[in-house]
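The values are calculated or read from the model by the stated rules, or taken from the named source; none is laboratory data. Everything numeric in this text was worked out from a predicted model, so none of it was measured. Cβ atoms come from the backbone with ideal geometry, glycine included; neighbour counts cover every protein chain shown. Heads up: the accessible areas ignore ligands, DNA and RNA and are worked out on the full protein's heavy atoms, side chains in. Shrake-Rupley method; radii C 1.70, N 1.55, O 1.52, S 1.80 Å.
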Amino acid sequence: MQFKSIDFSKYSSFKIGAKVDVALLQNDFKNLDEFYLIGSCNNTLIGPNPPKLMMLDKMYDSIKIEENMLKVGGATPSGKIASFCKKHNIANFEFISHLPGKLGGLVYMNAGLKEFEIFNHLINIKTPQGIKTKEEIQFGYRFTNINEPILEASFHLEYGFDPQKVTLFKTMRANQPSTSSAGSCFKNPKGDYAGRLIEAVGLKGKKVGAMEFSTQHANFLVNHGNGSFEDALWLINEAQKRVFEEFGIKLELEIIILDTQAKTIF
Ligand SMILES: Cc1cc2nc3c(=O)[nH]c(=O)nc-3n(C[C@H](O)[C@H](O)[C@H](O)COP(=O)(O)OP(=O)(O)OC[C@H]3O[C@@H](n4cnc5c(N)ncnc54)[C@H](O)[C@@H]3O)c2cc1C
């Protein structure tokens, strides 16, 4: 197996983490259980004790129209998908230009903006075990039960790229901070907003070291510079503790913490 040295303080959107040798997944699908698969770490917080990591090789960075479907490789960045759809006048993927990540991570997280989610137009995924149709997968708000590497996904092909939607999505993001983060830290609990709850327990703008629940959007945990994993974890635990004590609500993480020693309350 080949390895690639990745400096997570540069690679991850949080800009936190050390240099780690990451295995490259090519055509050999043996012993996959030993590794945790990452995409481009736009939803991931890497600790000082990460599990063994693996990423898809660039051979899975591909996008094409075939059999009247849009077929996208698991390692294809969202920006490339957005440009391809614009160039070929393809509809329904306008929201993706504002969602950082690679196709595998986007599908695994069922990433989206409000009602626009990646699963809306999905037909199937290709994994080392074969093809899995959308009907065979459980999915919901930032959730799927996929437990295999997504090598490729096929989507319904509809024409009519809509630039107005791009503008709409840009506006929807206007209140989000541009400081390094991994997007929303917690999932919104049913009928409520994680950001509102964090603000209600006095943690909006709470800064520890260089990590802060953003003053612009409380559910964004941002890194102002040399933020540490420990400070990020402290803030996460403090939010979970205070929100549970005050409202009896368990804030569920949307970001994924990759550290074999770290613990969160929920
Ligand atoms: C500024 C900012 C704004 C954001 N806004 C939004 C938003 O509005 N909506 C939203 O939904 N998300 C948002 N996010 C989060 C992020 O864009 C998504 O979660 C995206 O899907 C992450 O993709 P990734 O490749 O970086 O995945 P990673 O962070 O690397 O991994 C995320 C998860 O996906 C799994 N995974 C990765 N690749 C594969 C694969 N090939 N097969 C199977 N599983 C895989 C990993 O195991 C991990 O569990 C935002 C992030 C940032 C930094």
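Placing +1 on each Lys and Arg Cβ and -1 on each Asp and Glu Cβ, with no other charges, gives the range 117-224 a dipole about its Cα centre of roughly 440 debye.
Between Leu53 and Ala23, Tyr36, the built amide H atoms are under 5 Å apart, and every one of these is 5 or more places off in sequence or on another chain. Shape summary of the range 86-241, radius of gyration then Dmax from alpha carbon positions: 17.7, 49 Å. Ranked by the mean number of other Cβ atoms within 10 Å of their residues, highest first, the peptides 189-195, 219-225 fall in the order 219-225, 189-195. Placing +1 on the Cβ of every Lys and Arg and -1 on the Cβ of every Asp and Glu, with no other charges, gives the range 45-190 a dipole of roughly 460 debye about its Cα centre. Computed from the alpha carbon atoms alone, the convex hull of the chain holds 128 Å³ per residue.
In terms of the mean number of neighbouring beta-carbon atoms within 10 Å, the peptides 21-29, 163-171 order highest first as 21-29, 163-171. A cut-off of 5 Å between modelled amide H atoms, ignoring neighbours fewer than 5 places along the same chain, links Ile90 with Gly160, Phe161. In plain terms, if you count all Cα to Cα distances in the range 1-69 and split them into 5 Å steps from zero, the share in each step is 4, 15, 25, 22, 15, 10, 6, 3, 1, 0 percent. Tyr108 exposes around 90 Å² of accessible area when a 1.4 Å probe is run over every protein chain in place. The alpha-carbon atoms of the range 44-169 define a convex hull whose volume equals 120 cubic angstrom per residue.
Averaged per residue, what accessible surface does the range 95-191 expose to a 1.4 Å probe, in Å²?
50 Å²
Around the amide H of Ser180, modelled in the peptide plane, lie the amide H atoms of Asn223, all under 5 Å away and 5 or more residues distant in sequence or on another chain.
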